[in-house]
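Report on the structure given below.
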Amino acid sequence: MHAFGLDQGLALLFGAATALSNAIAVATQHVASTRGGQRLKAWALAVHLIRQPLWLLGWVALLGSLIFQALALHFGPMSLVQPILVSELVMALVVRQIWIHQNIRALTWSAALVTCAGLATFLIATSPSGVAVVPRTSAWVGPVAASAGVAALLVVGALRGSPSRRAGLLGAATGVLWALEATFIKAVTDTIAAVGIGGTLVRWPLYAFVLGGVFGLLAEQAALHVGPLKVSQPFIVIVDPVVSVVLGVWLYAEHLRSGLVSSVLGWAGFAAMCAGVVVLTQSAPETMHGEVHVLHQ
C-alpha cells in the first residue's frame, strides 16, 4: 500500500481548488453573458462583457484554475489529479443551488453523490502514485503522436452525422486533448522548478502547452457549438481522466495498485463515477437561469 504523504495531500487540495475554480468560472461567465436578456452582435457583446465584473471574475477564476492545476500536477501524478477534476460538475451544482438559486432535482443530487462515491472508490482502491520522473524528449514522441492521432480521427469522424454524434465525437476529441494538455502543464511546472522561468522560455514544453491549449479550446468550442451540451459534456469529462491515466502510466511511469480486489473495486468505482456523470449531465438544468435577482443588485 502506498503511503499517503504531504505531496499527495497537496495534489488533492489543489485538484479540488481547480475544480471549484472551473465551476465558478462557468457560472460567472454564463450569467454575465446572458445578463439583460438582449441579443448582441459580436463587437457589442465583447464591449458588454468587458463591462461586466462577473465576466472578468470568470477569467480570474480560469487563471486560478490553471495555476491550481499546475500545482496539483507538480505535487501529484496525473492519474490522481485528473480524475479529481470530475468533481467540477458536482461543485457547479452547489454553485447553481446556493448562488443562482436554481431548483436541482433529487435525481441530479443522487447522481452527484454516486459520482463522488465512485471517484473516491477509484482513488482509494487504485491509490495512484508516481516517482519524480522527468521524461526525456524522445519519450514524448509516442504519447503525443498517439493522442494527436486519436483526436484527429475523432474530429474527422465528427465532420458528418447528426448533431448528437458530432457533439459526442468532438467531446471525446476534447477530452483526449485536455489530457494531453495536462502532460504539458506538468512538464512546464517541472521545467520551471528545474531551470526557472528564464530557462523555461527556451525549452519546448511551454510552447507545446500554448499550442495544446489552443487546439483543446477549439475542439471544445466546436463540441459545444455543433450539438447539445448533455452529449458533449459527458464525453469531455469521462475521456479526460481515462486518457490521463494512460498517459500518466506511459509517460511518467505512474502506478495503480495491483491485485484483483483493488482492480475490481477501483474500476467498478470508475464505472460508477462515469454513470453518475452521465445521469448528472442529463438531469441538470440546461441553462443557468433561475432566481437570479440577487445577481442584479
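The values are calculated or read from the model by the stated rules, or taken from the named source; none is laboratory data. Keep in mind that what you see is a predicted model, and the values were worked out from it rather than measured. Glycine also receives a Cβ, built like all others from the backbone with ideal geometry; neighbour counts cover every protein chain displayed.
A few notes on this one:
- Test for GLY213: is it at positive phi and surrounded by fewer than 20 Cβ atoms within 10 Å (Cβ to Cβ): no
- The set of residues in the stretch 222-260 being more than 19 Å from the chain's Cα centre (by Cα) and touching a residue at least 24 places away in the same chain (Cβ under 8 Å) consists of VAL226, GLY227, TRP250, LEU251, TYR252, ALA253, GLU254, HIS255, LEU256, ARG257.
- Test for ALA223: is it closer than 29 Å to TRP109 by Cβ and at pLDDT below 95: yes
- Residue within the stretch 185-193 that is within 30 Å of SER138 (Cα to Cα), outside any loop (DSSP other than H, G, I, E, B) and within 15 Å of the chain's Cα centre (by Cα) present: yes
- Residue check, ALA117 small (Gly, Ala, Ser), within 23 Å of ILE236 (Cβ to Cβ), surrounded by fewer than 23 Cβ atoms within 10 Å (Cβ to Cβ) and touching a residue at least 40 places away in the same chain (Cβ under 8 Å): yes
- Leading residue by the ranking (farthest from PRO128 (Cα to Cα)) among those in the stretch 39-66 that are in a helix (DSSP H, G or I), at pLDDT below 90 and of a type outside the set (A, V, I, L, M): TRP43
- Selection count where residues are exposed (fewer than 14 other Cβ atoms within 10 Å of the Cβ) and over 27 Å from TRP204 (Cα atoms), scope the stretch 132-182: 5
- Among residues of the stretch 84-98, those that are among the charged types (D, E, K, R) and modelled with pLDDT of 90 or more, counted: 1
- Taken together, THR281, THR200 contain a single residue that is modelled with pLDDT under 95, polar (S, T, N, Q) and under 25 Å from GLY168 (Cβ atoms), which is THR281.
- Condition met for LEU218 (under 16 Å from SER164 (Cβ atoms) and surrounded by fewer than 22 Cβ atoms within 10 Å (Cβ to Cβ)): no
- Total residues in the stretch 67-103, condition surrounded by fewer than 17 Cβ atoms within 10 Å (Cβ to Cβ) and either out of contact with any Gly (no Cβ under 8 Å at 6 or more places or on another chain) or in a helix (DSSP H, G or I) (or both): 4
- Flag for LEU280 being free of Cβ contacts under 8 Å to residues at least 24 places away in the same chain and either in contact with a Cys (Cβ under 7 Å, 6 or more places away or on another chain) or more than 21 Å from SER79 (Cα to Cα) (or both): no
- Residue ID - nearest to SER244 (Cα to Cα), chosen from residues in the stretch 168-221 that are polar (S, T, N, Q) and either in contact with a helix residue (DSSP H, G or I) (Cβ under 7 Å, 6 or more places away or on another chain) or touching a residue at least 24 places away in the same chain (Cβ under 8 Å) (or both): THR183
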